[in-house]
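Trainee: Would you mind keeping the following structure in view while I ask a few things?
The values are calculated or read from the model by the stated rules, or taken from the named source; none is laboratory data. Nothing here was measured: the structure is a model prediction, and the numbers come from that model. When we count neighbours, we look across all protein chains shown, and the Cβ atoms used for this are built from the backbone with ideal geometry, even at glycine. SASA here: full protein model, heavy atoms, side chains in, ligands and nucleic acids out. Shrake-Rupley method; radii C 1.70, N 1.55, O 1.52, S 1.80 Å.
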Amino acid sequence: MADLEQQRRSGAQAVERAVAVLHAFDCDSGQLTVSDIAERSGLPASTTHRIVTALVRGGMLERADPGSYAVGEAIATLAKRRGPEVDIDSAAPHLHALSATIGITASLGIADGPEAVTLYSARPPVRWCTMQIPDDRTALDVSAMGQAIVAFERSRTKSTKSSKSTVPVLITSSGDAWQARRRGYVISAPSQGVTAVAVPVFDDRGRVVASIGVQANSLRLRDDLITQITPIMRSTAGRLRHVVGGSARTASPQII
């Protein structure tokens, strides 16, 4: 029994070390040497080299420049299997056009379990700052992009007597969510001087599968600017209808 327990602990430790090696690539540089990986993971160089070799055999890592390694195709393949699929190559031009028009970084996000995941961020050619870049992953309930997906996903449509059109009404106990649905976008409460706004992205079947979000210094992103940019954001979301939720390619978070 003691030997079996020791084997279990050894196996768990090996997995934890492999995970640490993979997390070392969560950085701006796409390529790392064994020394870089060892330093980032806190593992001995010899142990790191053995793990890297095993991950290369499994396709999780691949050889890049001489002496360097990068994330492998196996990870990209696994990433394609989760969440709604988004054709980043097709979505990117629309996001860049949006960011250039409104002068704020425009990001595309999806829901992954309890989190909102930023797939792509398109920076504007001018007036860009780090405040405009959202985190790669954020809890749905604290992210404007996440809130937009959840709020519009839990809505249904009712006809009103005062309008010839069909008015979407959010069925929820949250007055804020209902107001967000009425106006067509979500505004997050300012946090650390940053305000975020997001609109839902629907697929061809009318399902909410993603969202477009912007964030900036609260002193700049005020009500008057929000009123100006949200119609443009919603128009862009409409153009993405054909590139989300279908048989398309997903991507790791990118900032261009």
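Trainee: Kindly list, by first and then second residue, each pair from a residue in the range 58-74 that is more than 19 Å from His23 (Cβ to Cβ) to a residue that is at pLDDT 90 or above, limited to pairs with Cβ atoms under 6 Å and residues at least 6 apart or on different chains.
Mentor: These pairs meet every condition: Gly67/Thr33.
Trainee: Oh, and also: What pairs come up if the first residue lies in the range 31-49 and is under 17 Å from Pro66 (Cα atoms), the second is aromatic (Phe, Trp, Tyr) and open to solvent by less than 30 Å² (accessible area, probe 1.4 Å), and their beta carbons are under 7 Å apart, counting only those six or more places apart or on different chains?
Mentor: Within 7 Å, the pairs are Gln31/Tyr69; Leu32/Phe25; Leu32/Tyr69.
Trainee: Quick one: is Ala97 open to solvent by 50 Å² or more (accessible area, probe 1.4 Å), at negative phi, modelled with pLDDT of 90 or more and not basic (Lys, Arg)?
Mentor: Spelling it out, Ala97 is indeed open to solvent by 50 Å² or more (accessible area, probe 1.4 Å), at negative phi, modelled with pLDDT of 90 or more and not basic (Lys, Arg).
Trainee: Could you please find all residues in the range 22-65 being within 26 Å of the chain's Cα centre (by Cα) and of a type in the set (S, T, N, Q)?
Mentor: Ser29, Gln31, Ser41
Trainee: Of all residues in the range 101-128, which are buried (at least 24 other Cβ atoms within 10 Å of the Cβ), under 12 Å from the mean Cα position of the chain (by Cα) and among the polar types (S, T, N, Q)?
Mentor: Listed by number, the list holds a single entry, Ser107.
Trainee: Here is a follow-up. Across the range 107-158, what is the number of residues that are among the hydrophobic types (A, V, I, L, M, F, W, C) and more than 20 Å from Arg181 (Cβ to Cβ)?
Mentor: Adding up the residues that qualify gives 10.
Trainee: While we're here: For the subset of the range 17-35 comprising residues that are assigned to a helix (DSSP H, G or I) and closer than 22 Å to Asp136 by Cα, which member is least open to solvent (accessible area, probe 1.4 Å)?
Mentor: Going through the qualifying residues, I end up with Val21.
Trainee: Which one is farthest from the chain's Cα centre (by Cα) among residues in the range 129-142 that are in contact (Cβ under 8 Å) with a residue 60 or more places away in the chain and surrounded by 14 or more Cβ atoms within 10 Å (Cβ to Cβ)?
Mentor: Met131
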